[in-house]
1. Restricting attention to the stretch 22-36, does a residue exist that is under 29 Å from residue 138 (Cβ atoms), in contact with a strand residue (DSSP E or B) (Cβ under 8 Å, 6 or more places away or on another chain), loosely packed, with under 14 Cβ neighbours inside 10 Å and among the charged types (D, E, K, R)?
2. For the subset of the stretch 1-21 comprising residues that are at pLDDT 90 or above, within 22 Å of residue 138 (Cβ to Cβ) and not β-branched (Val, Ile, Thr), which member is most open to solvent (accessible area, probe 1.4 Å)?
3. Regarding residue 53, is this residue of a type outside the set (Ser, Thr, Tyr) and free of Cβ contacts under 8 Å to residues at least 40 places away in the same chain?
4. If you check 42, 108, which single one turns out to be at pLDDT 85 or above and surrounded by fewer than 17 Cβ atoms within 10 Å (Cβ to Cβ)?
5. Looking at 138, 145 in this structure, which one is of a type in the set (Ser, Thr, Tyr), more than 25 Å from residue 13 (Cα to Cα), in a helix (DSSP H, G or I) and within 22 Å of the chain's Cα centre (by Cα)?
6. Anything in the stretch 111-144 that is surrounded by 15 or more Cβ atoms within 10 Å (Cβ to Cβ) and basic (Lys, Arg)? List them, or say none.
7. Can you name the residue in the stretch 76-105 that is among the hydrophobic types (A, V, I, L, M, F, W, C) and open to solvent by 70 Å² or more (accessible area, probe 1.4 Å) and is also modelled with the highest pLDDT among such residues?
Amino acid sequence: MRDTVNKSLKEVFRRSQALTGRYVILYSDGDSATVIPDAFAHKSVYYHTDARLVTTSLKLLFDSVDVEQRTNSEAVAFMNSAQFTNNESAFIGDKTLFRDLRCVLPNHILDMDAMEPSRRPLFSPDTQQSPMEFIADSISGAMESFNDKFHLLTPITAGWDSRTILACSKDIVRDVTWYTFSNWSSGEHPT
């Protein structure tokens, strides 16, 4: 990524698409600034809708900047509801407990000039393979890598995701313990 520093925003997007983990990239070309969190937003990015403030820590924001902490009553009510609890902390979108603070969603970026989020652009990989072959090879490689380090215990259903993972694991299929969900009360667990 080091050689990307002097590249265009588009090139930073293209190159950062291959990165994994928790990160936030701040890109500025002198005229505009953009905040680019990892695609899954493992590292949360918060922004104040009225002030030009961006942070990855609400505590740090409130401890260091004098901003009004107006509670978002709708978000608080939802988080106190049975639906939120029953759905194991259901997703509340870009909202936070505070009315003027928002969170950048996964697969989004933040234009710091307009303080507006937008979808992160995606680029086709630089490869001679078709996109389907590239994805299949990537999944196969990941499964083989996991298999080299761990004994895999992998759930499988009749869905497309499971079928894809199973097909991409054809070279290690006998090394993996595949299982399905059944009626646990019977004491049986088919593999």
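1. Looking through the stretch 22-36, none of the residues is under 29 Å from residue 138 (Cβ atoms), in contact with a strand residue (DSSP E or B) (Cβ under 8 Å, 6 or more places away or on another chain), loosely packed, with under 14 Cβ neighbours inside 10 Å and among the charged types (D, E, K, R).
2. Applying the filter and picking the extreme gives 11.
3. Against the criterion (of a type outside the set (Ser, Thr, Tyr) and free of Cβ contacts under 8 Å to residues at least 40 places away in the same chain), residue 53 qualifies.
4. 42
5. When all the criteria are applied, what remains is 145.
6. Residue satisfying the conditions is 120 alone.
7. Within the stretch 76-105, the match that is modelled with the highest pLDDT is 97.
The values are calculated or read from the model by the stated rules, or taken from the named source; none is laboratory data. Predicted model, so just to flag it, every value in this text is computed and none were measured. Note that each Cβ is placed from the backbone with ideal geometry, even for glycine, and that neighbours are counted across all protein chains shown. For accessibility, only protein heavy atoms count, side chains too; no ligands or nucleic acids. Shrake-Rupley method; radii C 1.70, N 1.55, O 1.52, S 1.80 Å.
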